[in-house]
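Chemist: Here it is, the structure, as structure tokens.
The values are calculated or read from the model by the stated rules, or taken from the named source; none is laboratory data. Quantities reported herein were computed from a predicted structural model and do not represent experimental measurements. So basically every Cβ, Gly included, is an ideal-geometry build from the backbone, and we count neighbours across all protein chains shown.
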Number of protein chains: 2
Amino acid sequence: MPQDRQMKLGAFLMTDGHHVAAWRHPKVRPDASVSLDHFLNLAKLAEAAKFDALFLADSNGVRERGLQALSHNSRAASFEPLTLLSALATVTQRIGLIATASTSFNEPFHLARKFASLDLISGGRAGWNVVTSSSDSEALNFNLDTHYAHADRYARAREFVAVTTGLWNTWEDDAFLRDQDSGLFFDPQKHHVLDHRGRYFKVRGPLNVPRSPQGHPVIVQAGSSAAGVDLAAETAEVVFTAQQTLADAQAFYADLKSRAETYGRDPDHIKIMPGIFPVVGRTEAEAQETFEALQSRIHPVVGLALLSSTLGGFDLTGYPLDGPLPDLPETNGPKSRQKLLIDLARREKLTIRELYLKIAGARGHWQLVGTAEQIVDRLEERFRKGGADGFNVMAPFLPGGLGDFIALVIPELRRRGLFRTDYEGRTLRENLGLPFPAHRARTAVPLQAAE
Amino acid sequence: MPQDRQMKLGAFLMTDGHHVAAWRHPKVRPDASVSLDHFLNLAKLAEAAKFDALFLADSNGVRERGLQALSHNSRAASFEPLTLLSALATVTQRIGLIATASTSFNEPFHLARKFASLDLISGGRAGWNVVTSSSDSEALNFNLDTHYAHADRYARAREFVAVTTGLWNTWEDDAFLRDQDSGLFFDPQKHHVLDHRGRYFKVRGPLNVPRSPQGHPVIVQAGSSAAGVDLAAETAEVVFTAQQTLADAQAFYADLKSRAETYGRDPDHIKIMPGIFPVVGRTEAEAQETFEALQSRIHPVVGLALLSSTLGGFDLTGYPLDGPLPDLPETNGPKSRQKLLIDLARREKLTIRELYLKIAGARGHWQLVGTAEQIVDRLEERFRKGGADGFNVMAPFLPGGLGDFIALVIPELRRRGLFRTDYEGRTLRENLGLPFPAHRARTAVPLQAAE
């Protein structure tokens with residue numbers, strides 16, 4: 001079986017687990033969010049199992065509203081992803097390190113620099129998950145009264161990505177000669193300024209970090225709105241997405257791959273990795289029991305707040321918990337997520353409480369509760385039928401849920417030839433089967449000419 | 001001898017060494033700036049010798065002008081300090097981790113968060129060296145055409161530090177209960193917003209990182225202009241400075257400690273650690289030989305560019321290299337450094353070439369070439385006579401120069417009881433003898449009231 005027909009797997013590390021009540025699970029250490037040991041252990045576990053990458057979410061602030069819900073949630077405060085991944089880089093050798101970072105309240109120079117540095121530190125294993133920020137609580141930390149409008153966020157994101165990749169191309173791969181005898185450190189002809197002047201940014205460059213063994217960090221994108229998909233088609237090398245059904249997954253996959261082609265890209269150079277929320281047991285009953293152990297620990301105030309937030313900030317207070325979801329106004333938040341949820345509620349005729357119980361686990365992602373064989377059957381179908389190139393594994397609780405996936409699901413994937421037994425390469429690109437990005441100076445202006 | 005009469009020592013890690021020609025030294029690996037192994041080795045060396053902290057400089061761009069000089073210099077591109085220190089945090093246990101970061105082109109929320117995260121990752125060992133940026137080449141990477149005026153930079157820096165420390169005080173030390181049974185993760189009464197609305201920044205908070213075992217990162221300050229000293233007196237816990245003579249060092253020390261008192265601070269809670277550039281040998285001749293081995297490797301184009309840049313960007317092209325330094329106009333750059341250099345040139349009647357050879361090594365800092373005994377004599381004098389609380393050791397080349405200091409100078413310091421034989425504590429504050437910063441909510445507004 002050729003290597004390119006094997007799944008790619010990411011380990012999505014949501015501090016104590018993807019399930020919102022994970023921190024209350026007796027097998028979870030409740031201080032996971034501030035324990036470096038916890039993350040060192042997770043990184044080593046995932047690398048031993050040959051995951052392609054660790055994947056960290058991010059938020060530029062305490063996102064949720066309402067002190068009561070917030071104080072019952074373990075997500076309010078934890079490590080910042082880039083500093084955490086740098087710490088994990090020194091204790092791992094092969095696994096990729098993907099951090100989320102928003103284009104909304106950052107400067108491209110800072111982000112280009114920090115990711116390039118992580119990429120060098122890790123020997124070419126970094127990835128940047130490009131997102132836009134959609135919460136007022138983040139905007140309020142950055143001199144604004146409200147967040148940007150949806151369209152504006154994506155225009156800014158598009159320019160941000162162009163500037164960042166431009167900065168990653170200011171040094172050619174073989175620019176540094178480091179000739180101790182002559183005293184010439186780099187070849188002046190292989191060093192470029194960017195001199196970007198756009199609508200949102202004016203950035204001269206060059207970047208003060210060289211290119212890494214994989215050229216530059218892998219670009220990951222997670223937005224599934226029309227603007228998000230278009231940005232992904234143009235720029236992303238990995239796409240993190242959420243689909244509930246095979247048909248939706250296939251439609252998304254086909255659309256994105258064909259849009260990538262319209263941008264002149266090889267569709268195989270954009271890997272689509274939907275999130276999955278697997279709860280695995282040795283028997284179906286054991287899996288269900290594990291799931292219920294988490295569901296039963298959801299504090300109602302947390303469930304309701306999570307639902308409101310996922311629906312784009314719409315306040316559901318006052319609606320009967322055991323009544324249907326009301327009609328909702330259009331959100332300025334992530335549109336795709338809202339639509340997925342509303343469709344789900346209508347399709348399965350869920351009450352508000354049932355809906356929050358549903359999303360509190362997988363939170364919009366594909367929930368798979370069962371034995372390894374049952375889970376692999378469904379993953380294999382989605383993978384073989386054009387719905388995914390791999391999956392981002394959002395373990396329900398950590399490290400136990402990831403350990404269960406590694407102990408039960410991965411052997412079954414390997415039995416069917418669907419997942420690697422060892423890393424193919426040393427860089428994230430090599431393991432994902434992505435091409436080395438040839439150097440391209442965005443402007444041909446050498447530094448001398450500009451000074 | 002009481003512990004507070006021992007010197008504090010920082011290991012200033014300028015990639016391949018503080019000397020501008022260090023990278024050409026045969027004992028230096030020319031790719032040091034992109035070698036994680038190089039830095040891992042340095043961190044372990046310094047920690048084994050019980051240094052208080054590693055100290056990293058920073059620049060938000062390729063600082064020097066002129067492609068010819070730039071291409072003969074090893075400083076153009078290297079790791080970003082915060083990602084590098086996070087990587088070093090996992091392989092060290094006790095040594096402090098101080099990174100420079102500019103207030104000029106950053107957002108307080110990002111910086112507060114990243115340093116708080118490094119502080120947590122390292123178990124309370126982080127420090128932030130607060131600087132302002134003074135080069136156009138940095139400004140051009142951040143949507144500006146020129147850098148801020150000197151006064152404006154410091155006003156912004158002052159507000160930046162206030163916002164950052166405010167964010168570090170949005171969670172009380174014992175805010176997190178993590179009660180798995182009740183589901184209460186934190187005590188809502190121990191969580192505060194900042195709600196800062198100032199001239200430069202509007203930041204609500206709270207920060208999404210908890211306080212660390214040392215409360216929050218140690219604040220370090222390096223500016224020696226009047227505005228810089230005043231900011232240090234108000235906010236800094238460690239001051240990194242440059243003085244050539246005992247009299248200057250004593251005057252600076254006395255002035256800063258007394259200014260700190262006018263801000264209501266205990267003068268012992270601000271540690272003054274000037275930079276030193278030690279070239280040590282088993283004999284005086286050996287030390288001189290080591291120094292000449294470096295000096296002889298300075299490419300003239302590098303020496304001249306370094307001098308121009310240190311003088312605030314004044315272009316010395318066209319002036320005879322073997323003639324005197326011309327009269328210079330007032331700079332918009334770091335005033336203190338320019339004045340120190342001009343004074344040095346006039347005092348010692350140096351030509352332009354002699355001046356650049358002089359600063360190319362120590363670059364404005366105190367240069368000590370000799371045996372361990374000679375060097376310790378002078379350090380002891382400066383330390384005992386009220387010129388310093390310790391020193392920031394800027395090894396001429398790395399790791400060799402640091403290794404020489406550890407092998408020769410530190411044993412002599414210890415013989416005289418001037419330096420520790422083991423760490424006093426686990427956090428940077430404990431080792432520096434700085435107090436734990438009691439939590440103070442900058443505003444008394446709990447989150448509930450603000451929403």
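Chemist: Where in the stretch B:1-120 are there strands (runs of 3 or more DSSP E), lying fully within it, with 3 or more residues that are within 11 Å of chain A (Cβ to nearest Cβ)?
Modeler: Where strands (runs of 3 or more DSSP E) fall fully within the stretch B:1-120 and carry at least 3 residues being within 11 Å of chain A (Cβ to nearest Cβ), they are B:96-102.
Chemist: Is it the case that B:Gly123 is part of a strand (DSSP E or B) and either over 25 Å from A:Ser104 (Cα atoms) or facing chain A (nearest Cβ under 8 Å) (or both)?
Modeler: The answer is no for B:Gly123.
Chemist: Suppose we filter A:Arg259, A:Arg297, A:Arg265, A:Arg282 for residues that are within 14 Å of chain B (Cβ to nearest Cβ) and of a type outside the set (A, V, I, L, M, F, W, C); which single one remains?
Modeler: Answer to the check: A:Arg297.
Chemist: In the set B:Ala116, B:Ala89, which member is without any contact (Cβ under 8 Å) to a residue 40 or more places away in the chain and either farther than 27 Å from B:Leu194 by Cβ or buried (at least 24 other Cβ atoms within 10 Å of the Cβ) (or both)?
Modeler: It is B:Ala89.
Chemist: I've got another one for you. Can you name the helices (runs of 4 or more DSSP H) wholly within the stretch B:351-449 that have at least 3 residues being more than 27 Å from B:Gly303 (Cα to Cα) and among the polar types (S, T, N, Q)?
Modeler: none
Chemist: May I pose another question? For the structure I just gave you, tell me whether A:Ser78 is buried (at least 22 other Cβ atoms within 10 Å of the Cβ), farther than 22 Å from A:His18 by Cβ and touching a residue at least 12 places away in the same chain (Cβ under 8 Å).
Modeler: No: the conditions fail for A:Ser78.
Chemist: Touching a Phe, Trp or Tyr at 6+ places or on another chain (Cβ under 7 Å), of a type in the set (Val, Ile, Thr) and at pLDDT below 95: does that describe A:Thr146?
Modeler: no
Chemist: Can you say whether A:Leu84 is surrounded by 23 or more Cβ atoms within 10 Å (Cβ to Cβ), over 27 Å from A:Glu172 (Cα atoms) and over 19 Å from the mean Cα position of the chain (by Cα), as far as the supplied structure shows?
Modeler: No; evaluated as a whole, the condition is false for this residue.
Chemist: Follow-up question, since we're still on this one. Which of the residues spanning the stretch B:157-190 are in a helix (DSSP H, G or I) and touching a helix residue (DSSP H, G or I) at 6+ places or on another chain (Cβ under 7 Å)?
Modeler: If the condition is that a residue be in a helix (DSSP H, G or I) and touching a helix residue (DSSP H, G or I) at 6+ places or on another chain (Cβ under 7 Å), then B:Ala157, B:Arg158, B:Phe160, B:Val161, B:Val163, B:Thr164, B:Leu167, B:Pro188 are the ones that fit.
Chemist: What residue, among those in the stretch A:46-69 that are of a type in the set (A, V, I, L, M) and buried (at least 24 other Cβ atoms within 10 Å of the Cβ), is nearest to the chain's Cα centre (by Cα)?
Modeler: A:Leu56
Chemist: Only one of these is at the interface with chain B (Cβ under 8 Å from one of its Cβ atoms) and of a type outside the set (D, E, K, R): A:Phe185, A:Phe160. Name it.
Modeler: A:Phe185
Chemist: What is the one condition in (1) within 30 Å of A:Ala22 (Cβ to Cβ); (2) of a type outside the set (Val, Ile, Thr); (3) more than 14 Å from chain A (Cβ to nearest Cβ) that B:Asp152 does not satisfy?
Modeler: Condition (1) is where B:Asp152 drops out.
Chemist: Follow-up question, since we're still on this one. Starting from residues that are in contact with a helix residue (DSSP H, G or I) (Cβ under 7 Å, 6 or more places away or on another chain) and more than 7 Å from every other protein chain (Cβ to nearest Cβ), keep the ones in the stretch A:192-204 and report whichever is farthest from A:Glu107 (Cα to Cα).
Modeler: Among them, the one singled out is A:Val193.
Chemist: Let me ask something else about it. Take the stretch B:268-299 and flag every residue that is touching a Pro at 6+ places or on another chain (Cβ under 9 Å), surrounded by 18 or more Cβ atoms within 10 Å (Cβ to Cβ) and not hydrophobic (A, V, I, L, M, F, W, C).
Modeler: Correct list: B:Pro278, B:Thr290.
Chemist: When you check B:Asp422 against the structure, is it touching a residue at least 24 places away in the same chain (Cβ under 8 Å), of a type in the set (Asp, Glu) and in contact with a strand residue (DSSP E or B) (Cβ under 9 Å, 6 or more places away or on another chain), yes or no?
Modeler: No: the conditions fail for B:Asp422.
Chemist: Determine which single condition B:Phe314 fails, assuming it passes every other condition in (1) within 14 Å of another protein chain (Cβ to nearest Cβ); (2) part of a loop (DSSP other than H, G, I, E, B).
Modeler: Unmet for B:Phe314, out of (1) within 14 Å of another protein chain (Cβ to nearest Cβ); (2) part of a loop (DSSP other than H, G, I, E, B): (1).
Chemist: Something else about it: Which residue, of B:Thr165, B:Thr170, B:Thr103, is among the hydroxyl-bearing types (Ser, Thr, Tyr), touching a Lys or Arg at 6+ places or on another chain (Cβ under 7 Å) and on the phi < 0 side of the Ramachandran plot?
Modeler: Only one candidate qualifies: B:Thr103.
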